[in-house]
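Read the figures in this text as sums done on the coordinates, not as results from a lab. This one's a predicted model, so the numbers in the text were calculated from it and none came from an experiment. Using ideal geometry, Cβ is built from the backbone for each residue, glycine included, and neighbour counts are taken over all protein chains shown.
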Amino acid sequence: MQYKNNNPGTYDGKYYRVRIRERVDNEMLDWFDGMEVQVGENATVLEGKMVDQSELQGLLRKIHDLHLTLISVETLSE
């Protein structure tokens, strides 16, 4: 199942892929506004563009606040 939020934003920055162990449900999608969310059987992948490291840290904080398990973070080529 794949979801795409309608507000991806337009700014200069880097693209990131963040993998989390749990499945993100529809109620949690608002927490990841601006990210492409791919929900698999055993994991969720978030992809999107971040302005800077502080925005990435904010995303990681959201994952922590939702008690989700971070698997990996990688920088993608543009």
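In table form, for the structure just shown:
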read-out: In region 26-70, residue surrounded by the most Cβ atoms within 10 Å (Cβ to Cβ) [restricted to those that are out of contact with any Gly (no Cβ under 7 Å at 6 or more places or on another chain) and of a type in the set (Gly, Ala, Ser)]; value: 43
read-out: Scan of region 11-37 for residues that are over 14 Å from residue 62 (Cα atoms) and under 9 Å from the mean Cα position of the chain (by Cα), ordered by number; value: 16, 17, 36, 37
read-out: Qualifying positions in region 10-66 - among the acidic types (Asp, Glu) and in a strand (DSSP E or B); value: 36, 47
read-out: Boolean, residue 66 is of a type outside the set (Val, Ile, Thr), more than 19 Å from residue 23 (Cα to Cα) and in contact with a Phe, Trp or Tyr (Cβ under 9 Å, 6 or more places away or on another chain); value: no
